[in-house]
């Protein structure tokens with residue numbers, strides 16, 4: 001019986017890929033990395049003729065959350081260096097190492113990592129002045145990120161663990177320079193072009209280098225924030241929502257939610273190269289052989305179809321992924337390896353005339369609710 005499909009995410013962008021032919025009366029549904037003797041693929045009878053292919057993209061709720069968190073992290077770095085960059089510049093690097101140490105300790109007293117572990121490490125600092133400075137820096141970060149936390153449902157982690165993860169991720173992004181002032185001073189002292197300078201002159205040179213680094217660092221952060229906000233406003237980052245095909249006898253692509261689809265339960269469309277495609281059965285049998293006789297150049301060409309010739313999935317890039325060739329269509333999946341959920345429609349002869357890989361994770365229902373319930377929070381973050 002046809003099944004009723006309800007999409008949990010909105011398709012944001014659709015692109016026509018072109019046409020391909022089925023001439024053998026059947027379609028192979030598979031990741032193109034699989035040989036004919038691999039179990040996790042399947043074939044069905046299909047109407048011969050021309051098929052049109054189309055790809056759709058959506059924004060995964062978790063990608064959306066991650067982008068908003070990254071914007072917050074860059075904003076905090078601006079705040080952090082504006083507030084502490086001059087006053088505590090000799091202590092920032094050691095504090096950031098302390099944060100990393102707290103994060104790297106997988107468990108503390110049998111508990112999941114928590115920001116409390118950072119404060120415990122600060123208490124263990126023997127130098128009273130350093131301890132005071134580290135606590136001030138930690139208090140500031142916790143106060144900042146506590147305002148960004150929504151809920152365990154939305155942020156995925158409990159608040160105390162999330163705070164530690166977020167603070168650590170912030171400092172992992174960048175800082176003006178990994179080098180400390182003493183190392184820069186020693187480097188300049190040893191530099192043959194600086195040996196004629198006095199120590200005071202070298203210190204002045206170090207100070208100027210640091211000021212230039214901080215200026216460039218701040219400018220770079222501001223550019224990143226602008227780029228991320230622009231990408232967010234454009235609906236990015238995007239993942240493959242579906243790859244679908246229709247026979248020339250079908251006037252228009254049918255809606256995913258019109259209730260006329262069959263959900264495939266006869267075989268598993270496995271994924272081990274992050275791709276899945278529709279191929280003429282006879283072409284695929286000849287192209288892929290068995291595990292010892294695959295046509296690797298043809299496989300690499302199919303990989304290029306998936307990537308659209310662009311192997312960088314940066315949010316700045318236009319989405320040109322997916323493509324067709326004479327006997328098939330191929331694209332990336334939404335979330336890499338695993339399985340490609342397959343739905344299809346048949347004609348009266350029982351032949352496939354329309355099919356789609358639908359990468360709409362129904363397990364996102366609760367996360368979608370969390371996102372929708374906090375729409376005002378999300379919109380506020382990107383203003």
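The values are calculated or read from the model by the stated rules, or taken from the named source; none is laboratory data. Nothing here was measured: the structure is a model prediction, and the numbers come from that model. Ideal geometry is used to build each Cβ from the backbone, glycine not excepted, and the neighbour counts take in all protein chains shown.
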Residues satisfying the stated conditions in region 232-263, i.e. closer than 15 Å to residue 52 by Cα and either outside any loop (DSSP other than H, G, I, E, B) or touching a residue at least 40 places away in the same chain (Cβ under 8 Å) (or both): 242, 243, 244, 245, 246, 247, 248, 249, 250, 253, 254
Yes/no for residue 176 being modelled with pLDDT under 75, under 27 Å from residue 90 (Cβ atoms) and not in a helix (DSSP H, G or I): yes
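Can you confirm whether residue 309 is under 22 Å from residue 332 (Cα atoms), part of a loop (DSSP other than H, G, I, E, B), modelled with pLDDT under 85 and not assigned by TED's automatic domain parsing to the domain that holds residue 71?
yes
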Subset of region 119-148 (residues that are within 14 Å of residue 76 (Cα to Cα) and part of a loop (DSSP other than H, G, I, E, B)): 147, 148
Residues satisfying the stated conditions in region 58-77, i.e. surrounded by fewer than 22 Cβ atoms within 10 Å (Cβ to Cβ) and out of contact with any helix residue (DSSP H, G or I) (no Cβ under 8 Å at 6 or more places or on another chain): 59, 63, 66
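Which residues, counting only those in region 329-338, are on the phi > 0 side of the Ramachandran plot and modelled with pLDDT of 90 or more?
Initial filter on region 329-338 (on the phi > 0 side of the Ramachandran plot): 336, 338.
Residue satisfying the conditions is 338 alone.
When you look at residue 267, is it within 17 Å of residue 34 (Cα to Cα), part of a strand (DSSP E or B), modelled with pLDDT of 85 or more and in the same structural domain as residue 23 (by TED's automatic domain parsing), yes or no? Break it down into steps so the answer makes sense when it comes.
Details: within 17 Å of residue 34 (Cα to Cα): yes; part of a strand (DSSP E or B): no; modelled with pLDDT of 85 or more: yes; in the same structural domain as residue 23 (by TED's automatic domain parsing): yes.
Here the answer is no, as residue 267 does not meet what is asked.
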